[in-house]
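Colleague: First, the structure itself, so that you have it in front of you.
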Amino acid sequence: VGGAVARRLAAGGWVVRALHRDPGRVASAADGLDWRRGDAMIPADVAAAASGASLIVHAVNPPGYRDWDRLVLPMLDASIAAAQAAQARLLLPGNVYVYGRDAGPNPGADAPQTPRTAKGRIRIAMEARLREAGVRSLVVRAGDFFGPRTTANSWFTAALVRPGKPVRTVLDPGFPGIGHQWAYLPDVAETMVRLAEREAELPRFAAFNMDGHWDPDGRQMVAAIARAVGREVRVRRFPWGLLPLAAPFWPLAREIREMRYLWREPLRMSNEGLVAFLGAEPHTPLDRAVRDTLAGLGCLRDQGPR
């Protein structure tokens, strides 16, 4: 999310500073970003990078869900302190983890927040932290991310396809007939920037849900991948049953298993509030979004011209 939002802000004329522990590894001369070396766990680093900023995008997570309970809130506290010092708005990418069964199958931005998982409790605590701090905040919640530069921390690249490899088999974590909500990263970035650029109209704490791409039966994303590669692809079931056996040797297995309910029950966030505010949600057609994603991930290299 951070990279997509940074690129969209820079393209829109914003001056963007990017904080990273190792800028030399990720920076390029053409990205238009002012890279700063620093650590999101060190408040002084965040405050220095955010000095004079009007917007802070808190797009940082421990990789692979590791140490969420120990790292997530301290990192957010560092960004809150920086936002207070700079009098900036803090933008937090959100997700569906905050909603429990009492929110219903189509929760709006103001639906009740009750946790179903440990990660849900942390996500709720993050949003509560923003409210309690009184800092100007913007939360944009979206479904599972996919896009041309999607990292390994996504279902699209961790299960459906393998970056850098031709698509021959799709590992599908879904269940037949169960809908699932996806979010195309460039659309998420466009939505966030359009909201941020209407700062004068935003309340002190603003929260919006995106609709993104709703797969009503859990089959449309796989079908779009097949259309993009131009041939049938083999579909294998994600091995949910093996995760308990893998957990002692693969800590991420436990974290993945905790989110299984999002593939077994349909949960489609309502974007009614977002549409009322912006007029429409930025939306790239699914086939184009999937093809651009696969091309960006290096999964279409074996194809000839189309």
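Colleague: With the requirement that a residue be assigned to a helix (DSSP H, G or I) and touching a residue at least 60 places away in the same chain (Cβ under 8 Å), what does segment 113-139 give you?
Modeller: The initial filter retains those residues of segment 113-139 that are assigned to a helix (DSSP H, G or I), namely 118-133.
If the condition is that a residue be assigned to a helix (DSSP H, G or I) and touching a residue at least 60 places away in the same chain (Cβ under 8 Å), then 118, 119, 127, 130, 131 are the ones that fit.
Colleague: What residue, of 194, 204, 237, is farther than 30 Å from residue 14 by Cβ and open to solvent by 70 Å² or more (accessible area, probe 1.4 Å)? Working first, answer last.
Modeller: Working: 194 fails: farther than 30 Å from residue 14 by Cβ; 204 fails: farther than 30 Å from residue 14 by Cβ.
Being farther than 30 Å from residue 14 by Cβ and open to solvent by 70 Å² or more (accessible area, probe 1.4 Å) holds for just one of 194, 204, 237, which is 237.
Colleague: Which residues, counting only those in segment 35-47, are open to solvent by less than 60 Å² (accessible area, probe 1.4 Å) and not in a loop (DSSP other than H, G, I, E, B)?
Modeller: Taking segment 35-47 first, the residues open to solvent by less than 60 Å² (accessible area, probe 1.4 Å) are 38-40, 45-47.
Across segment 35-47, the qualifying residues are 45, 46, 47.
Colleague: Would you check if residue 159 is over 18 Å from residue 269 (Cα atoms), open to solvent by less than 20 Å² (accessible area, probe 1.4 Å) and part of a helix (DSSP H, G or I)?
Modeller: On the way: over 18 Å from residue 269 (Cα atoms): yes; open to solvent by less than 20 Å² (accessible area, probe 1.4 Å): yes; part of a helix (DSSP H, G or I): yes.
So residue 159 fits the description; yes.
Colleague: Sort through 5, 26, 15 and tell me the only one that's open to solvent by 50 Å² or more (accessible area, probe 1.4 Å), among the β-branched types (Val, Ile, Thr) and modelled with pLDDT of 95 or more.
Modeller: Values: 5 fails: open to solvent by 50 Å² or more (accessible area, probe 1.4 Å); 26 fails: modelled with pLDDT of 95 or more.
None of the others qualify; the one that does is 15.
Colleague: A follow-up question, please. Let me confirm something: among 230, 279, 241, which residue is at positive phi, free of Cβ contacts under 8 Å to residues at least 12 places away in the same chain and either in contact with a Leu (Cβ under 7 Å, 6 or more places away or on another chain) or not polar (S, T, N, Q) (or both)?
Modeller: Values: 230 fails: free of Cβ contacts under 8 Å to residues at least 12 places away in the same chain; 241 fails: at positive phi.
The conditions single out 279.
Colleague: If the requirement is being out of contact with any His (no Cβ under 9 Å at 6 or more places or on another chain) and farther than 19 Å from residue 292 by Cα, which of these qualifies: 196, 189?
Modeller: Details: 189 fails: farther than 19 Å from residue 292 by Cα.
The match here is 196.
The values are calculated or read from the model by the stated rules, or taken from the named source; none is laboratory data. None of these values were measured; they are calculated from a predicted model. Cβ coordinates were reconstructed from backbone atoms using ideal geometry, including for glycine residues, and neighbour counts include every protein chain displayed. We work out accessible area using only protein heavy atoms, side chains counted, and drop any ligands, DNA or RNA first. Shrake-Rupley method; radii C 1.70, N 1.55, O 1.52, S 1.80 Å.
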